[in-house]
Amino acid sequence: MFERLGRFVVHNPWKVILGWLLATAAIVLMAPGLGDVTSQDQADFLPRDYESVKAMEVAQRSFPTANDATATIVVKRADGQPLADADLATVGTLAEAVGRVDAEHVAGAVGPPTPSPNRTVALVTVGLQGAPDDPELLEAIPGIREAAKATLDGTGLGYAVTGDIAMYADNADAFDTALVVVGLATIGLIIVLLLVIYRSPLAALLPIVTVGVISAIAPGLISWVAQAADLRVDQSLEIILTIVLYGVGTDYILFLLFRYRERLRAGDDAKQALVAAVARVGEVIASAAAAIVIAFSALLLAVFGAFTSLGPALAIAVVVMAFAALTLVPAVVSLLGTKIFWPSKSWQRTPRGTAFQRLGRFTGRRPAVVALVSGGLMLALAAGVLGMKWDYDQTGQLPSDTESARGLEDLQSGFPVGALNPTTVYLRSDDGQRLDPAALDAYAASLKDAPGIGGIMPAGQDGSLAGFSQDGTAARINLLLDRSPYAPESLDLAGGELRDVVHARAPDGTTAYVGGISSLFADVRDANTRDLKVIFPVAGLLIAIILALLLRSLVAPIYLMAAVFLGFLSTLGATVFAFQGVGDRPGLSFMLPTILYLFVVAIGTDYNILMIARLREEARLGNDPRTAADLAVEHGGPSVGAAGLILAGTFASMMLAGVAFLTEMGFAVAIGISISAFVMAMLLVPAITALLGHRAWWPGHGDAAGNGTAPPTAEHGPVLTQTR
């Protein structure tokens, strides 16, 4: 099938290119934008039976402005002394001044200023008109800061504007810089490394151009599917989509060009070499793409909606990229012929004495040593998982030298740590009657001694503990946790014991729900944990089935998937050693397992498939298992190494961004891809296959000489395995 496809593409390149150009133009002009189906509100992705979502539904129905964003002005004396009555009067003037800010989205102060019990600081909460995920709210922060500066200058009072929106505004430059760094590093690294590998500007630019075309097509297709299926896509998709396309796109193009150059060196003419390359690599690319699509599609089993929609979106992009690698890329190369490698002449001769030849020879001679060393290294790194902890503190991962970070530190000198993000208890009347204010105040007071509660912030306009909806049928109470709202202990509390206390003490005739960021992330954590327990085994089983069908073997898929799982654990372990050990971080980001699943498990499987397919091919040519391992590393190692180096280098560039989460993600994926390419695929898999020998291919024995491989003829060129 792939040989027929190769012949059609190679001999009809203009038709293929024209078809791609017409499809690209139609999709770009007609499809909706990706921004029409994206969201960053984590609650959008949780099922409605989670308590934090039920609390949000009460808030949206009874407190329409409860979901609007806010900013907090933290005021303190410059000399560090407690605030005097005159100072508090000045803070009141500030609250009034905020209401006169001539800036869009600023609604004014929400309630009177709130002094801390020790009077070291006072808070002015500023209402913002819009949801917390509205990027336009960032423009309101400078106006609030200008009003605070104008009001407090010369009063002996200092201020800092903080809160989630202020933090996003302060760190927008850092994230923008990160995106620019990653984008430039990705393109630059691909070009530089391909120039080194092929010594040709055309070969270096081919992946950039191809991914550029697919990057224009994929978002439109994804938007169409998302609209048809009524899916909301996480805002991180755009960044992840770009990296996935560059990752798999560069991999597939490298696989094709390496095989094309190999056939040219074997004596084929340009057209025959390209047809043979598509025929040989087509099955590998299709199988690799199928494995990735299955891995991504397994996310449909998730209850966390961000994963549910992310999987199909990325699967669509991978399918389009694989199709382009087997049609658009060969069509372009067909027109260029050997000029794709210009000005280099290295395609005309087979190099001798290369590092991959020496590595292959050693693997073939000492497979047990290679398996023990490579497997032992992965096991040693995996040991780090034993000390792994998770971190949900998004603010703690941002730079600490900004005004919003200083404001958060000042706030903690007078209020419990949870003051910036209160844990809000929402109550609703079961029978639709008005709630009793006295009973609600007594209920609120009773929660002061609940576990983990450091205080209660008044929710009523008159300073009462409970705030009521306009019709009086719902109420809210703002609890302040005595630790960071993102701390694991806070999530345990808001998702467990606190809920039990809140439910048990609720007045008769009411139903209480625990909301707020801690409750939300407790539910996100539960959903995430459940999803990983389901998705990993299902995806592993489905990928193993793909490998079994490709290899017609039951043995090889078992140790291949075991190697992938060990690679995942060793990546996590290495990241624990680097960040919890050397870096002294409290834990790894809770999103890291999913990120590693997307980039290390799914994309890293490509390298296994390429190597195992090459091992089978060399065995079919009549080589014994050890010689097959030798030749597979020699011929397959360069493409695996180049692809892994480019993808790992792309993610490593994120460590320059200056944002802790991006640094952590960049390191983890870079080390994971490196382990997958250079340890697992290049060493462990060939060594184990050599040790198992003919048993690795049981029961189909697809390694039998001539099994599915055309005998060497003039058309196919000389037998590669005989040229050393």
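All of the numbers you see were taken from the coordinates with simple rules; none came from a lab. Just so it is clear, the model here is predicted, and its values are computed rather than measured. FYI the Cβ positions are ideal-geometry reconstructions off the backbone, even for glycines, and counts take in every protein chain you see.
Subtracting the Cα-Cα distance of residue 691 and residue 409 from their residue separation scaled by 0.36 nm leaves 95.6 nm.
Projecting the Cα atoms of 78, 432, 185 onto the charge dipole of the chain, computed from C-beta unit charges around the Cα centre, puts 185 farthest toward the positive end. Panel order for 606, 269, 436, by other beta carbons found within 10 Å of each beta carbon, from fewest to most: 269, 436, 606. Residue by residue, region 660-673 carries 3J(HN,Hα) couplings of 4, 5, 5, 4, 5, 5, x, 5, 4, 6, 4, 5, x, 5 Hz when phi is fed to the Karplus relation 6.51 cos²θ - 1.76 cosθ + 1.60 (θ = phi - 60°); x denotes Gly or Pro. Global size of region 141-297: 24.1, 85 Å for Rg and Dmax (C-alpha atoms, Rg to one decimal, Dmax whole). Hydrodynamic radius of region 68-162 by the Kirkwood approach over all distinct alpha-carbon pairs: 13.2 Å.
Exposed loop GluC sites (Glu not before Pro) only (DSSP loop, at most 14 other Cβ atoms within 10 Å): please give the longest stretch of the chain free of them, not including the sites.
That gives 105-714 as the longest site-free run.
Amide H contacts of residue 99: 109, each under 5 Å away and 5 or more positions distant or on a separate chain (H built 1.01 Å from N in the peptide plane; Pro and chain starts excluded). Just to check, using Stokes-Einstein with a Kirkwood Rh over alpha carbon pairs, what's the diffusion coefficient of the chain at 25 °C and 0.890 mPa s in µm²/s? Translational diffusion coefficient: 87 µm²/s.
With each label modelled as a point 7 angstrom along the Cα→C-beta vector, the residue 79-residue 530 pair spans 5.8 nm. Taking every alpha-carbon pair under 8 Å whose residues sit at least 6 apart, region 68-162 reaches a relative contact order of 42 percent.
Given the C-alpha atoms of region 413-465, compute the convex hull and give its volume per residue in Å³. Walk me through the numbers on the way to the answer.
On the way: hull volume 5.5 nm³, N = 53.
Here the figure is 104 Å³ per residue.
Counting only C-alpha contacts under 8 Å and six or more residues apart, can you give the relative contact order of the chain as a whole percent? Numbers along the way, then the final one.
Details: 1266 pairs, mean separation 131.6, N = 724.
Relative contact order, the chain: 18 percent.
Of the trypsin sites (Lys or Arg not before Pro) found in region 80-156, those that fall in a DSSP loop while having at most 11 other beta-carbon atoms within 10 Å are 100. Per the Debye formula on identical point scatterers at the alpha carbon atoms of region 238-336, with no solvent, log10 I(q)/I(0) at q = 0.13, 0.14 Å⁻¹ is -0.50, -0.56.
Apply 1/(1 + (r/R0)^6) to the Cβ-Cβ distance of residue 470 and residue 655, taking R0 = 41 Å, and write down the FRET efficiency to the nearest 0.05.
Numbers: r = 51 Å, r/R0 = 1.24.
Computed FRET efficiency for residue 470 and residue 655: 0.20.
Computed from the Kirkwood radius of its Cα pairs, the Stokes-Einstein diffusion coefficient for region 422-515 at 20 °C and 1.002 mPa s stands at 162 µm²/s. Along the axis of the charge dipole computed for the chain (Cβ charges of +1 for Lys and Arg, -1 for Asp and Glu, origin at the Cα centre), the listed residues 273, 452, 92 are led at the positive end by 273. Scanning residues 5 or more positions from residue 483 or on other chains, those with amide H under 5 Å from its amide H are 417, 418, with H placed 1.01 Å from N in the peptide plane. Reducing region 624-703 and region 498-560 to their Cα centroids gives an inter-centroid distance of 29 Å.
If I fit a long axis through the Cα atoms of helix 437-446 and take the longest principal axis of the Cα atoms of the chain, what angle between them do I get, 0 to 90°, rounded to 10? So the inclination is approximately 60 degrees. Remark: the chain carries a charge dipole of roughly 4540 debye about the Cα centre, counting +1 on each Lys and Arg Cβ and -1 on each Asp and Glu Cβ. Each listed q (0.14, 0.26, 0.27, 0.31 Å⁻¹) maps to a log10 I(q)/I(0) for region 520-570, found by the Debye formula over equal Cα scatterers with no solvent: -0.46, -0.94, -0.97, -1.08.
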